[in-house]
Amino acid sequence: MASGTKTACKGTRTAYKGTKGAYKGTSTRAIVHQYDYLGDFYQLLLGERLVYSYGMWEDGDTLEKAQLRKLDHHAEAAGAAGAERVLDVGCGYGSLLQRLVEDHGVKHAVGLNMSPTQTAWARDQNWPGCEIRTENWFDHRPDAPYDAIIAIEAVEHFAGNTLWRSRRVARYRQFFERSHSWLRPGGRMSIQANAWDDRGWLPSLVLPPAGRRRPGAAAVYDGARNVWEGWQASRKVYPETCLPTLSELNEASSGLFRLIETRRDPQDGVATLTAWTQRAEANRQRGAGLIGAKAVSDVISEQRTALRFLREGRFTLVRLVLERL
């Protein structure tokens, strides 16, 4: 997910104004804002494999090692080793596709991505066995069933910015229904997502985290500040996105998938954001030459806000393994 008050794809900058039409989650226009224009700066932060999602850390890890461990975790959790066909929903620059084929013996790895710049870059790598499509999952019609599906920090784009829980669950349900139809019987799905505290987005922002008490005036100030900073990130960095709650995902997948495993790994988000923020600060001047000083400041501000929210327990990182019924 990505920053800036203007959006562009390789030099054409226009203010983000939203889109109208049939609902398919985050619009292409918003995706271009987050990943194409701002991606020029993010490439300075992400490391050699250009992985834009939280890693899986152990003591002494570098960012690169943590990212490889995360990719391997999802491959193993989804039972992808040696599979004929695996789908990566929201494949980014294709690092998981490459890993699946080269290190896990997958014969054909398909990646879906709405970012023209990222898909073009991934296709240019010419990785054998990898198929990269510039396509919304809503429009995907596979040629044959998949043995496994992986979605790493893509769910945040599926419900847009709707405030209503019932609408979010309905939109997640569409995704799980499609995934159920794409998977062979017994096939597994591995999901990683940023998720609000189980109380929901507004209480997560406004109310003190569990176990923390502050005087009334201080609590009101904190809540107002959190709403403001969250709104700024949504407007400038991640338009048309919304974090789910774990209960929303469980409800949306009910009857279609059996939940095999649930993990909450906020420390992995903290470690990754810390590494990204350090690199962002170190590359502030170079980034300003790519996307402008204001956009760079917006990115760094969003990362610091997310880091604070994670440390305070306002949202977390969840990893789910599900099996098709």
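The values are calculated or read from the model by the stated rules, or taken from the named source; none is laboratory data. Predicted model only: the values in this text are computed from it and were never measured. No Cβ is skipped: glycine too gets one built from the backbone with ideal geometry, and neighbour counts run over all protein chains shown. Side chains are part of the model used for accessible areas, which takes the heavy atoms of the whole protein and leaves out ligands, DNA and RNA. Shrake-Rupley method; radii C 1.70, N 1.55, O 1.52, S 1.80 Å.
I'd like the residue in the range 179-203 that is assigned to a helix (DSSP H, G or I) and out of contact with any Leu (no Cβ under 9 Å at 6 or more places or on another chain) and, out of all such residues, is surrounded by the most Cβ atoms within 10 Å (Cβ to Cβ).
203
Collect the residues in the range 204-245 that are aromatic (Phe, Trp, Tyr) and exposed (fewer than 15 other Cβ atoms within 10 Å of the Cβ), keeping them in residue-number order.
Residues satisfying the conditions are 221, 228, 231.
In the range 58-65, is there at least one residue being open to solvent by 60 Å² or more (accessible area, probe 1.4 Å), of a type in the set (A, V, I, L, M, F, W, C) and over 20 Å from residue 239 (Cα atoms)?
Looking through the range 58-65, none of the residues is open to solvent by 60 Å² or more (accessible area, probe 1.4 Å), of a type in the set (A, V, I, L, M, F, W, C) and over 20 Å from residue 239 (Cα atoms).
Counting residues that are under 22 Å from residue 188 (Cβ atoms), which helices (runs of 4 or more DSSP H) fully inside the range 61-157 reach at least 3?
Numbers: elements: 63-77, 95-104, 116-124.
Ranges flagged: 63-77, 95-104.
Say we look at the range 75-120 and pick out the residues that are acidic (Asp, Glu) and over 16 Å from the mean Cα position of the chain (by Cα); which of these is least open to solvent (accessible area, probe 1.4 Å)?
Selected residue: 103.
May I ask you to list pairs of residues, at least six apart or on different chains, whose Cβ atoms are under 9 Å apart, with the first in the range 305-320 being at negative phi and the second being at pLDDT below 95 and part of a strand (DSSP E or B)?
Here the result reads none, with nothing in the range 305-320 linked to a residue that is at pLDDT below 95 and part of a strand (DSSP E or B).
Could you tell me which numbered condition residue 318 fails, if it satisfies all but one of (1) in contact with a helix residue (DSSP H, G or I) (Cβ under 7 Å, 6 or more places away or on another chain); (2) of a type outside the set (Phe, Trp, Tyr); (3) assigned to a helix (DSSP H, G or I); (4) at pLDDT 95 or above?
Single failed check for residue 318: (3).
Which one of these does residue 139 not meet: (1) surrounded by fewer than 22 Cβ atoms within 10 Å (Cβ to Cβ); (2) within 24 Å of residue 73 (Cα to Cα)?
(2)
Within the range 255-264, does at least one residue satisfy the condition of being in contact (Cβ under 8 Å) with a residue 24 or more places away in the chain, assigned to a helix (DSSP H, G or I) and open to solvent by 20 Å² or more (accessible area, probe 1.4 Å)?
no
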